[in-house]
Amino acid sequence: MALLTLEHVTQRFGALAAVNDLSFELEEGEVFGIAGPNGAGKTTVFNLISGFLHGSGRILLDGKRIDGLPPHRVTHLGIARTFQIPQPFQSMTVVQNLRIGEYYGSQGRTADGARRAPWKDLSGLIEFVGLQGKEDRPVSSLKLYDKKLTVLASALATRPRLVMLDEALGGLSAVEAELSLALLQRLNKEWGLTVIMIEHLMSALTRSCDRLLILNNGEALRLGEPRAVVEDPAVIECLVGGKRA
Amino acid sequence: MREFIEVLITGITIGIVYFLVAVGFTLCYGVGRVLNYSYGSFFTWGAYLAWVLAVGYSKLNYVLVFVIVLPIMFFLGVAVDQVLIRPLRKRPEFDFSVILVTLGLAVFLDNLVLVIFGARTKSLPEFLTGSVKLGGFTISWQLIAMFIFALVVAVVLFVFMARTRTGMSMRAVAQDPTGARIVGIPLFRVFAVTFGISTLLCGAGGILLAPRFFMTPTGGWTFLVKALIIVIAGGLGSLRGTLYASFMLGIIEAIVGWKLGLLWVMPFWFLVLFLVLLVKPAGLFGATARKG
Amino acid sequence: MLEVENINAFYGEYQAIHDISLKVAEGQLVSIFGPNGHGKSTLLKTICGLMKPASGVIRFDGHEIQGLPSHKLVEMGIVLISEERHLFPEMTVMENLRLGAYAKPARKKESENLEFVFTMFPKLKTLAKKRALSLSGGEARMLAIGRGLMSNAKFLAVDEPSFGLAPILRVQVFEQIVALRDRGLSILLVEQTTGDIAEMSDYIYLLEDGRIAFSGSTDQALHDDAVRKVFLGIT
Amino acid sequence: MKRDRTPVAALPGDRPKALRFNRQNGITLGLVVILALLPLALGDSTYTMRLLIVSMIWGGVAVAWDLLLGYAGIFNLGQIGFFALGAYASAMLSQNAGLNPWWGLLAGAAVGAVLAVLLGLPSLRMAGIYIALLTLAFYEVLGPLLTVGQAVGTGGKRGISPIEPYSIGGHTLSSGNQVPWFYLALGLFVLCLVVCYFAINSRFGASFIALHDSEQFAQSLGISRYKVSLLIVAISGTLTGLMGAFYAHYTGVVSPRILGLEVFIYLVVMVLLGGVGKFPGPAIGAFVVIFVSDWLRAFENFRLLIFGALVVALVMLAPRGLMGALDSVQGFVHHRRGRHAAAEAPAAETDGPKP
């Protein structure tokens, strides 16, 4: 059975359909990329899955419906996410941010009813993302990259099975972006986490995704193996324009 | 029955004056995102300024009173916006700071009145005395004058908002502040003018209602709360909602005051507000009450 | 006419544009291309005074204009046509256009400019009494451009004019933009994708992640590998 | 007032830190110890004792209110309504139903809690600005309601008076001897401080501070916004109602005048002066306000004029209050002392324009 299933999901804002009749399935252990032009509805898809928006259609996790649940319930079921612009808790230190995720995120049960064990020790997680030495720094004193890491680590502290990354590389230097990508690979390979990522840096997507979904005007334009997808004339037309490249 | 219709007429007249008061409040929020809690004090100030001119220190004609007081109210509003509100716009907690600062200002202004004029109630004489019999109903001239004046101000306001460049720029800022900047509307100037107009309307309401209620230094609070209830019931920022809610609550006030006494008016208003919000959480014409 | 030198701009601490310099000469149509989220809109907003640059210089007709409030810039003739349109939804088409002529220099020429807008977009004339929120995507785009033209602009910054439009309308809008250039306006245009407008431009910049990845004349730009790299992530 | 709150002392995992000595609990402890010893120094200065008792009552309310304003970011302007109804509930139970006043404390707390939740249920789903409107309307309507409520025993405009004082072991407390009153008030004041301190410095506190800091992020980490807000409102309402009940029996009179503007503006100044979101600043603010106001008694009408101006001045010029000023002083000292360690200091942030 697929881990996550979207069936005919639609979200309207007034007359505009930000997401229109979108369906796809996500297998456990996949890295799934989403790209598309401005306003294609990428972040809306994230908001629908994570419970910040409630549109029409069905969203299932392990075959059980999760659409209609409030955000914190979705988190308790094992879906974590990050945000395009990271806004960690400014009045707390790094480790305190993580503890919020650890405590409030893992008190629920997974979709199959099993209790998920809380983190015994967060230092492993801190080391994993590379924030060691900064645990007790107030978040407000961090650079953007470290803030992104803090948000990511807090999301991971909820013990998710599926993590959704919204523009994880945006605004980072080339080196930082490389580090983030490597981190993402390890999440997938070593931790066995399923990953959905929205990204505008196409090179990152073609390199790290198993499958790539191109959204356009809220609809799925093409879904498949990344290389094949970006060579597709319709996708080129959509992303590059004209009949070029 | 006859009595009832007379009460109804009173209700409609109060309603239109309340509209003047409430519309200024809602305008201030709609355009400048300012919840002005010193609004009641401007109401008081309007009434006291009129008293100074018409009773206390000279015996001016009412027309002259309006001509003198309204511009003063306008500039008072502009000054408050420039000195107190504008510097706060840079702050992340703008809403919160504005509420506190206007609350403080309200207490200051009220007590300034108290210090100058004392705590004893004052009253403005009616503009006109006597009454007229129309088809069997007795209506006082005062009520008719109030109605006509308020109606004129309301119509002028609507025309101003619809036709003039300033009115249009106010609507533009309310509908899309970024759009307004794109076409070159200076936001801060529009905020200031809006605040001035809002204060002017409030002051006008104060003068109109002063003969009906006694004036006290803290009497404005009742009207602030009335404006609040009207505005919440009508939908914050909506002119049309404000209009309907004003008439509805004005009529309720007249009926409740007639049957049960004025003391019961506020409890009933709150009950109505509660019922409205139960059905429509954003008020009659509001769209943005809920958290997005 | 417009010179941008080494500007940097941030959203909070998120650096949206890095050290960008560009030039638009009088009567030129200059286009900037790049995928979404790469700082194009931020660049235009910074030029038009909706955002303040953290550092750098913007010169218009020789005057330094960075940090001036937007209404001053509109009076100088710098006008933004936003991708989000920012129309006044509750107002009629006519009222929207009239507000376009809010700036003092534009008021004198209001009727003249209105005439011009209506010859350019005859459709708007028939829609004059409709409220802006009831317009279709293409109509709203026309209105946004029309409103910009009412400001008596010397320099237009156009943000993704083709966004959300059907292909046929897209071509139409591009043709109108070229027509404006031919009438002597200077235009800085931003698009996500290179399309027909690329060939019509006088000069092209490619933006990647807030930095200029490539710049050159139209012929050079369109035959460069940079396009493939920036847009598709492959070489 | 998001930007600079005293950093959280403790969170899940480092729980003992809440009990470790820090500035927050240091100042609180110091305040309480000084207060506890004061009666020894003051002897039978009844007048000063009275002022101190009133300060403690309002100090408790101010801290509870700040829990909403400063920490949870809920613009509740009806706090005094909880206080007044707590007072009325206790007074009515003892005067009309003949209940022992001690039960009134419980009743007052319960009324405060229920009222807060009732007001919170509809308004917490709305945007902050609507909460400010609705709660102010509630507060303003309460006066007329209590006045017309004569039929159910509110005593109308005159209110309820006299109200039976507490008695301990058959000995009734009198206004002649303030010392028992003082320690009773101190007990309740400490209760408020302790509850608020642990509300702020606990797992639960972390959750509403997280919501205030970054709502979406907090929700995405598994915090239920609605549940947490309702709980914090209930806690604040309980403490306020409790203080109201005590107030009724201490002063022996309760009337709609408690809902007057004067009391409201005093409370605002207490919180602002002490520092919004700067526990225990508002409690200290209460002492300053009560004593300054007493000192200004001679000025009569000018008193409120001054306090109104003070609110304006504080918001405009010193929005962080006394505790904020203390932060700055401490920051300055740290800066002087630790200049050599500047390399450790976080890099200056670029303060770019907001979108």
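The values are calculated or read from the model by the stated rules, or taken from the named source; none is laboratory data. Keep in mind that what you see is a predicted model, and the values were worked out from it rather than measured. Note that we place each Cβ from the backbone using ideal geometry, even for glycine, and neighbour counts take in every protein chain shown. For the accessible areas, the whole protein counts, side chains as well, though only heavy atoms, and no ligand, DNA or RNA atoms are used. Shrake-Rupley method; radii C 1.70, N 1.55, O 1.52, S 1.80 Å.
Roughly how many whole Å is it from the C-alpha centroid of region A:50-74 to that of region C:150-172?
38
Please give the helix C:167-182 orientation as an angle from the longest Cα principal axis of chain C, in degrees from 0 to 90, rounded to the nearest 10.
Computed tilt is about 90 degrees.
Using a Gaussian network model of chain A with C-alpha springs under 10 Å, which one of A:D210, A:D166, A:D136 is most mobile by mean-square fluctuation?
A:D136
Using a 1.4 Å probe over the heavy atoms of the protein chains, calculate the carbon and sulfur portion of the accessible area of region D:160-209 as a whole percent.
66
Among C:H63, C:Y102, C:H86, pick out the residue whose Cα is farthest towards the positive end of the charge dipole of region C:48-105, where Lys and Arg carry +1 and Asp and Glu carry -1 on C-beta, about the Cα centre.
Selected residue: C:H63.
Which helices, taking whole DSSP H runs in chain D, have alpha carbons extending 18 angstrom or more along the helix axis plus mean Kyte-Doolittle at least 1.0?
Helices meeting the criterion: D:23-42, D:46-66, D:101-123, D:128-148, D:178-200, D:261-274, D:281-295, D:301-317.
May I ask what percent, to the nearest 5, of DSSP beta bridges between residues of the protein assembly as shown are antiparallel?
Bridges in the protein assembly as shown that DSSP calls antiparallel: roughly 60 percent.
Excluding ligands, DNA and RNA, what is the accessible area buried between chains A and C, summed over both sides, using a 1.4 Å probe, to the nearest 100 Å²?
Roughly 2400 Å².
Which cross-chain or sequence-distant (5 or more) residues have an amide H under 5 Å from the amide H of A:T93, H modelled 1.01 Å from N in plane?
A:V139
In chain A, carbon and sulfur make up what percent of the accessible area (probe 1.4 Å)?
51
Considering Cα pairs under 8 angstrom that are at least six residues apart, work out the relative contact order of chain A and quote it in whole percent.
Taking the mean separation of contacting Cα pairs over the length of chain A, I get 26 percent.
Taking K and R as +1 and D and E as -1, what net charge do the other residues with C-beta under 15 Å from the C-beta of B:M146 add up to?
-2
Would you mind checking which residues have amide H under 5 Å from B:V183's amide H? H placed 1.01 Å from N; only 5 or more apart, or other chain.
Under 5 Å from the amide H of B:V183: no residue qualifies.
Ignoring ligands, DNA and RNA, what percent of the 1.4 Å accessible area of region B:174-280 is carbon and sulfur?
The nonpolar share, carbon plus sulfur, comes to 71 percent.
To the nearest hundred square angstrom, how large is the accessible surface buried between A and D, total for both chains, probe 1.4 angstrom?
Adding both sides of the contact gives about 2400 Å².
Which residue fluctuates the most in chain D, going by a Gaussian network model with Cα springs under 10 Å, if the choices are D:I74, D:I265, D:I200?
Judging by the Gaussian network model, the answer is D:I265.
In Å², nearest 100, what accessible area do chains B and D bury in total when the solvent probe is 1.4 Å?
4200
Need the C-alpha centroid separation for region C:55-108 versus region B:134-180, integer Å.
30
Take a quick pass over chain B and tell me how many lysine pairs come in under 28 angstrom between Cα atoms, counting only ones 8 or more apart or on separate chains.
Eligible lysine pairs with Cα atoms under 28 Å apart amount to 9.
Could you state the accessible area per residue of the protein assembly as shown in Å², with a 1.4 Å probe and every protein chain left in place?
It amounts to 39 Å² per residue over the protein assembly as shown.
Counting helices only, and only those DSSP H runs with n ≥ 4, report the 222 nm mean residue ellipticity of chain A as the sum of -39,500 (n - 2.57) divided by its residues, in deg cm²/dmol to the nearest 500.
That calculation yields -9500 deg cm²/dmol at 222 nm.
Please identify the DSSP H helices in chain B that span no less than 24 Å along the helix axis (Cα) and have a mean Kyte-Doolittle hydropathy of -1.0 or more.
Qualifying helices, which must be both long enough and hydrophobic enough, are B:2-32, B:62-80, B:94-117, B:141-163, B:187-209, B:239-259.
Among D:F287, B:Y18, B:W51, whose Cα projects farthest towards the positive end of the dipole of the protein assembly as shown, with charges put on the beta-carbon of Lys, Arg (+1) and Asp, Glu (-1)?
Farthest along the dipole direction, towards plus: B:W51.
Can you tell me the orientation of helix C:110-120 relative to chain C, as the angle in degrees between its alpha-carbon axis and the longest Cα principal axis, to the nearest 10?
Between the helix axis and the principal axis of chain C, the angle is about 70 degrees.
Given C:V24, C:F174, C:A128, which one lies farthest toward the positive end of the charge dipole of chain C, if we put +1 on the Cβ of every Lys and Arg and -1 on the Cβ of every Asp and Glu?
The one lying farthest along the dipole's positive direction is C:A128.
Other chains' Cβ within 10 Å of A:195-206 residues: what's the mean?
Other-chain Cβ atoms within 10 Å of each residue's Cβ, averaged: 3.
Hey, got the dipole for region B:126-257? About the Cα centre, +1 on K and R Cβ, -1 on D and E Cβ, debye to the nearest 20?
I would put it at about 340 debye.
Counting Lys and Arg as +1 and Asp and Glu as -1, each charge on the Cβ, what is the dipole of chain A about the Cα centre in debye, to the nearest 20?
520
In the Gaussian network model of chain C, springs joining C-alpha atoms below 10 Å, which of C:L149, C:L43, C:L124 carries the largest mean-square fluctuation?
C:L124
Given the pairs C:K52/C:K130; A:K64/A:K148; C:K40/C:K130; C:K104/C:K125; C:K23/C:K123, which span a C-alpha to C-alpha distance of over 29 angstrom in this model?
In this structure, C:K52/C:K130; A:K64/A:K148; C:K40/C:K130; C:K23/C:K123 exceed 29 Å between Cα atoms.
Would you mind working out the magnitude of the charge dipole of region C:44-133 relative to its Cα centre, with +1 at each Lys and Arg C-beta and -1 at each Asp and Glu C-beta, to the nearest 20 Debye?
240
Out of residues 5 or more away from C:V158 or on other chains, whose amide H comes under 5 Å of its own, with H placed 1.01 Å from N in the peptide plane?
Amide H neighbours of C:V158, under 5 Å, 5+ apart: C:I81, C:L188, C:L189, C:V190.
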